[in-house]
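Q: The structure is given below, and queries will be raised subsequently.
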Amino acid sequence: MAKTINWGIIGTGWIADKMATALNFLEDANLAAVGSRTLEKAQRFAQQFQIPRAYGSYEELAADPDIDIIYIATPHSEHYANVKLCLENGKHVLNEKAFCVNKKQAEEVIELAREKKLFLMEALWTRFQPAANALVKTIRDGVIGDVHMLKAELCFLLNRDKEFRLLNPNLAGGALLDVGIYPITMASLVFGSRPQKVVTHAVMGETGVDERDCINLFYEDGKFASLVAAIDTEGSNTAYIYGTKGQIMVPQDWCPESFTVKTYADNKETTYKLPFSCNGYEYEAACAMDCIREGKLESEIMPHSTTLEIMELLDSIRDQWGLRYPFE
Ligand SMILES: NC(=O)c1ccc[n+]([C@@H]2O[C@H](COP(=O)([O-])OP(=O)(O)OC[C@H]3O[C@@H](n4cnc5c(N)ncnc54)[C@H](OP(=O)(O)O)[C@@H]3O)[C@@H](O)[C@H]2O)c1
């Protein structure tokens, strides 16, 4: 069996829970420690997921010499400081999306990881999932011809409490960095991450963050992606990818477990089902472990260059809206 990799988790919120489940599912992963801002929460989380060590600060977790890699599961505003802390303590890092608040922060931590020769990757789970990879292969194989148009969305009606992470500008809330990044990922998988023209509109909420976004990305040869993201509305959250010979429908487009290909010449529809082995978070964790064992500093699936391109795009979209977080 492959060498076991020892994991730590920073943060004990919603996504930390999901990743803990995935790490406990993976035989070659050992979820060895959790760090919280409060010891009580760390202990509760540790008990829930049978984690041997619980720390009441992120610093103590980062200093634990037995940990190989730390998964960062904190709000966007905290990623930069948390990634730095881990790297400075010699730990590899799997960092949640959005990777940082802006490209400048992202460049700095990527540079630090390279200097320290440590693995660092953005945990954009969709990119690692079997159905997402199969649909990209279907496109590359030319099954639907030349792809020229994409529609994707991710819209949820979320908690309206002003203190809620996504409505709080101090935590870099808003739809774009949290859910908007998924339709942008779909566009990036299909057309790349460097559109020639970006035309957007956002509806800003009472707390000053974007709650509903319309993002149109234009590429060479008339290709375009029409994207929608919201945290105040439920959506169908289905993507459609249109080519000259057919189209692909992707239900649950931020974490697909199936997709349907329709080809025009024979009017045939085929659905491909690729369910998760666990909960969908196991693939990014497995990729990070493979990279660490192979001595890689970045992954080919989510390389630093792609993270930086996406951060640049997010910055340019926020510039169009004049959206700056209070601490920027
Ligand atoms: N890939 C996905 O499917 C997915 C889904 C949801 C979220 N995410 C990403 O995961 C990250 C966390 O999201 P979440 O939904 O898990 O958030 P959450 O439930 O609010 O949890 C965030 C955790 O971060 C810690 N934290 C550190 N500083 C904080 C601060 N100033 N305010 C509040 N909490 C703070 C807290 O843990 P302690 O108190 O224990 O320190 C908290 O439990 C974000 O980057 C988000 O975009 C990804």
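We did not get these values from a lab; they are worked out from the coordinates using the rules stated. Computed from a predicted model, the values in this text were never measured in an experiment. Glycine gets a Cβ as well: all are built from the backbone with ideal geometry, and neighbour counts include every protein chain shown.
Q: At each listed q (0.17, 0.19 Å⁻¹), what is the log10 of I(q)/I(0) that the Debye formula gives for region 5-124 modelled as equal alpha-carbon point scatterers?
A: -0.75, -0.94
Q: For labels at Ser305 and Lys245 in the simple 7 Å Cα→Cβ model, what's the distance in nm?
A: 2.8
Q: Measure off 7 Å from each Cα along the Cα-to-Cβ vector at Thr271 and Gln50, then give the distance between these two points in nanometres to one decimal.
A: Simple spin-label model gives 3.5 nm for this pair.
Q: Residue farthest toward the positive end of the dipole of the chain, with Cβ of Lys/Arg at +1 and Asp/Glu at -1: which of Ser226, Gln43, Asn102?
A: Of the candidates, Ser226 comes out farthest on the positive side.
Q: Also, quick follow-up: Beyond 32 Å, what percent of the Cα pairs of the chain remain? Please report the intermediate quantities before stating the final value.
A: Working: 15399 of 53628 pairs.
Of the Cα pairs, 29 percent sit more than 32 Å apart.
Q: Label points 7 Å out from Cα along the Cβ direction at Ala63 and Asp161: separation in nm?
A: For the pair Ala63/Asp161, the computed spacing is 3.2 nm.
Q: Now for a separate question. Between Cys278 and Glu206, how high is the FRET efficiency from 1/(1 + (r/R0)^6) when r is the Cβ-Cβ distance and R₀ = 56 Å? Nearest 0.05.
A: Details: r = 38 Å, r/R0 = 0.68.
So the FRET efficiency works out to roughly 0.90.
Q: So for Val147, Val179, Val198, fewest C-beta neighbours within 10 Å to most, what's the order?
A: Result, fewest neighbours first: Val198, Val147, Val179.
Q: Multiply the residue separation of Asp221 and Asp17 by 0.36 nm, subtract the distance between their alpha-carbon atoms, and state the gained length in nm to one decimal.
A: Numbers: separation 204, 0.36 × 204 = 73.44 nm, distance 4.35 nm.
69.1 nm is the gain from fully extending Asp221 to Asp17.
Q: Using a simple charge model, +1 on the beta-carbon of Lys and Arg, -1 on the beta-carbon of Asp and Glu, nothing else, what dipole does region 5-124 show about its Cα centre, in debye to the nearest 20? Kindly include the intermediate steps, with their values, before the conclusion.
A: Details: 13 positive and 17 negative charges, 48 e Å.
Magnitude of the dipole: close to 220 debye.
Q: Oh, and also: Subtract the Cα-Cα distance of Arg140 and Phe327 from 0.36 nm times their separation in residues, and report this length gain in nm to one decimal.
A: Numbers: separation 187, 0.36 × 187 = 67.32 nm, distance 4.19 nm.
Working it through step by step, the gained length comes to 63.1 nm.
Q: Could you line up Tyr182, Tyr71 from fewest to most neighbouring Cβ atoms inside 10 Å? Can you show the working numbers first?
A: Working: Tyr182 23, Tyr71 27.
Final ranking by Cβ density, sparse to dense: Tyr182, Tyr71.
Q: Name the shape class, rounded, prolate or oblate, that the alpha-carbon gyration tensor gives for region 233-315, where a ≥ b ≥ c are the square roots of its eigenvalues, rounded holds for a/c under 1.5, and otherwise prolate holds if a/b is larger than b/c and oblate otherwise. Write down the numbers at each step before the final one.
A: Working: a/c = 2.02, a/b = 1.68, b/c = 1.20.
Verdict is prolate for region 233-315.
Q: Shifting gears a bit: Nearest 5 percent is fine: what portion of the DSSP beta bridges confined to the chain is antiparallel?
A: Details: 34 of 62 bridges.
Of those bridges, close to 55 percent are antiparallel.
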